[in-house]
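Following: one structure in structure tokens, then a few remarks.
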Amino acid sequence: MRKALILSITLLLAALSLPAQQAATKNSPGQAVPSDAPSREQLLKLFDMLEIRKQMDSMRDTLAKTLEQQFLQMSRGQLSAKQQDEFVKLEGELFGKLMSDDYVAKMTDELIPIYQRHFNASDVDALIALAIIP
């Protein structure tokens, strides 16, 4: 329960700050992080403890299954079995590229400067400690 709450809060903060981060990046690309910002390693440990990768994998699998079911319901009787199979393969390839390990790594890299601007090292240490508590 705590992990879900922590994950929800951190993802919400990240999502809310993404537009601001993008605007700030366009205006000042070399923006420095605060001196008390958490290190990359601290943030990667936090992301690992929050099981970000596992969450992304679960989200990808659920979304792929849902879209496949919706497509099959919408196209019932309109496509041949071969066309349906080809669509399922194409969908799998697209999801594989969209949510690949490289994509998740890039997304994680994009989150690090955001977290560094909005959290300090002691905040991240406290979140990690909270995530460890059973």
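Going from the residue with the fewest nearby Cβ atoms within 10 Å to the one with the most, Leu46, Leu94 rank Leu94, Leu46. The calculated Kirkwood hydrodynamic radius for the range 48-109 is 13.0 Å, given to one decimal from all distinct C-alpha pairs. As a proxy for reagent exposure, Glu41, Glu86 were ordered by neighbouring Cβ count within 10 angstrom, fewest first; the result is Glu41, Glu86.
No lab work stands behind these numbers, since they all come straight from the coordinates. Just so we're clear, the structure is a prediction, and the values are computed from it rather than from any experiment. We place every Cβ from the backbone using ideal geometry, glycine too, and count neighbours over all the protein chains shown.
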